[in-house]
Ligand code: C2O
């Protein structure tokens, strides 16, 4: 044997008996697909021709490499929603925040390592409204040899909830921008791409969840909808929730799951009922008195061995505005906070921020009513730059953004009063700057600038702890006393209640530029977004890695 080969051979022998972490390679071919599915003939963009797209599997500590090849006619980026992207902001994906989009005919390789997370997340396109059809699941298994901290399921099932428009989604968006009105509501909700029977569309079968008596299933449930918070329910069965946004929670039993767009949850289901078919219902939650969307997606859970054509055992369908049902779920969520998975809640705060999140109205000469709906944080409707913020930051390109995002709104008013107040916004591309490893508390205060609404806020690059929640205006004296600093739920997306507030905390230990926005796509479009810029730390291991050579150009 040659000496070099011999050295390699000896090195291989000295490796541990099994290699802990792997490098997982995926190819995502983004292209336009034609369908007559789902009650309309239209072409839409998918990954690898699948809707929902392919599932990305990895274990904690694995490195994931995804080559995204754009064969579509429009720009593409992919975001790995909830992956912390430590030092790899270039792979985060939001267009014009961490990268310029991948133009048609080009490709880009996303490369990241998964650390300190296990559970279910989702990936989705992050440019315009492309994510309506370009999305899929991310399954993060525990490290090899490490069990789940709950009874081992016999099988796992992925359940992706979505929204479907019969017409072209970009056209829906364009029309709304032109008129200044809200975009059309979706025509259907879907479970793994199936709407179930919907009016005027009787031929569509729904999704079927096949189960066997006595077996335990881990359901990995994802809300990939654009604008709708959703209830998920299975007739005749209870669910035990064990994880949210790829963080373990203290298990609790419930019959209705509630997820905002971008949120994920794992729940155990035991097939312990009589043979038969049981209704699965996915239905929107809307407590703002402005919308009337009540299209329910219907699926069925079916026991193996059930004779043909059984009656489907029904379930009560949650009401459109059934707020108590949302609170039952949300208020039951607690971090597992065990020795193995401690909740590391920041107890001291370096940056105390107060952000109002609102929908407002600005003048618009070309719009139908002379004004248009806008959305904002602290009265600033965020304007996407034409050069990605991360690039501008890394290469010190001036004039792309300013770092004066305000820590509080410009005026103090009765945020949740019933009269519309302070309805106009300013525009800007502003970031809030944080020193490496500083601790941050953000009070997200919902307002009634026009009408109060629930806003699911998503933070890129971090998980945060939800330490408090309440109705009305946040009262620093009184409300901080009831904060949960012991076992608050840890997540990446959280609903700011209608006419209420939420308090989150996180540690800025990830250098880069991190987007925060409402995950209702309609509000993102209207400007309910901002970004944090986290400076590098002193140690070389605390800085952003250099950009990959194939980073798309603007
Ligand atoms: Cu899932 Cu910036 O989004």
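The values are calculated or read from the model by the stated rules, or taken from the named source; none is laboratory data. It should be emphasised that the depicted structure is a prediction, and the values quoted were computed from it without experimental measurement. Using ideal geometry, Cβ is built from the backbone for each residue, glycine included, and neighbour counts are taken over all protein chains shown.
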Problem - Unique residue being out of contact with any helix residue (DSSP H, G or I) (no Cβ under 7 Å at 6 or more places or on another chain) and away from the ligand (no atom under 12 Å from the Cβ) when the list is 94, 103 - result: 103
Practice task
Could you please find all residues in the stretch 302-318 being under 17 Å from residue 281 (Cα atoms), assigned to a loop (DSSP other than H, G, I, E, B) and out of contact with any helix residue (DSSP H, G or I) (no Cβ under 8 Å at 6 or more places or on another chain)?
Solution key: 311, 314, 315, 316, 317
Exercise for the section: Please name all residue pairs, on different chains or six or more residues apart, with Cβ atoms under 6 Å, provided the first residue is in the stretch 321-347 and is under 16 Å from residue 232 (Cβ atoms) and the second residue is modelled with pLDDT under 95 and not in a strand (DSSP E or B). Expected result: 325/318
Practice task
Within the stretch 434-446, identify whether any single residue is away from the ligand (no atom under 16 Å from the Cβ), modelled with pLDDT under 95 and buried (at least 24 other Cβ atoms within 10 Å of the Cβ), and answer yes or no.
Solution key: yes
Completion exercise
By residue number, the members of the stretch 525-544 that are more than 16 Å from residue 462 (Cα to Cα) and either more than 16 Å from the ligand (Cβ to nearest atom) or surrounded by fewer than 24 Cβ atoms within 10 Å (Cβ to Cβ) (or both) are 525, 537, 538, 539, 540, 541
Completion exercise
Scanning the stretch 374-390 residue by residue, those crowded, with 23+ Cβ neighbours inside 10 Å and either farther than 22 Å from residue 355 by Cα or outside the structural domain of residue 513 (by TED's automatic domain parsing) (or both) turn out to be 388, 390
Handout entry: Some residue of the stretch 114-125 being under 18 Å from the mean Cα position of the chain (by Cα) and free of Cβ contacts under 8 Å to residues at least 40 places away in the same chain
Key = no
Exercise for the section: For the stretch 353-367, indicate whether the set of residues that are without any contact (Cβ under 8 Å) to a residue 12 or more places away in the chain, surrounded by 14 or more Cβ atoms within 10 Å (Cβ to Cβ) and over 18 Å from residue 502 (Cα atoms) is non-empty. Expected result: no
Handout entry: residue 128 within 16 Å of the ligand (Cβ to nearest atom), surrounded by fewer than 22 Cβ atoms within 10 Å (Cβ to Cβ) and either in the same structural domain as residue 25 (by TED's automatic domain parsing) or within 30 Å of residue 368 (Cα to Cα) (or both)
Key = yes
Problem - Residues satisfying the stated conditions in the stretch 324-343, i.e. surrounded by fewer than 15 Cβ atoms within 10 Å (Cβ to Cβ) and either under 24 Å from the mean Cα position of the chain (by Cα) or assigned by TED's automatic domain parsing to the domain that holds residue 230 (or both) - result: 324, 327, 331, 342
Practice task
Tell me, please, whether a residue that is in a strand (DSSP E or B), surrounded by fewer than 24 Cβ atoms within 10 Å (Cβ to Cβ), over 26 Å from the mean Cα position of the chain (by Cα) and modelled with pLDDT under 95 can be found in the stretch 198-214.
Solution key: yes
Completion exercise
The condition of being away from the ligand (no atom under 16 Å from the Cβ), out of contact with any strand residue (DSSP E or B) (no Cβ under 6 Å at 6 or more places or on another chain) and on the phi > 0 side of the Ramachandran plot holds, among 214, 205, only for 214
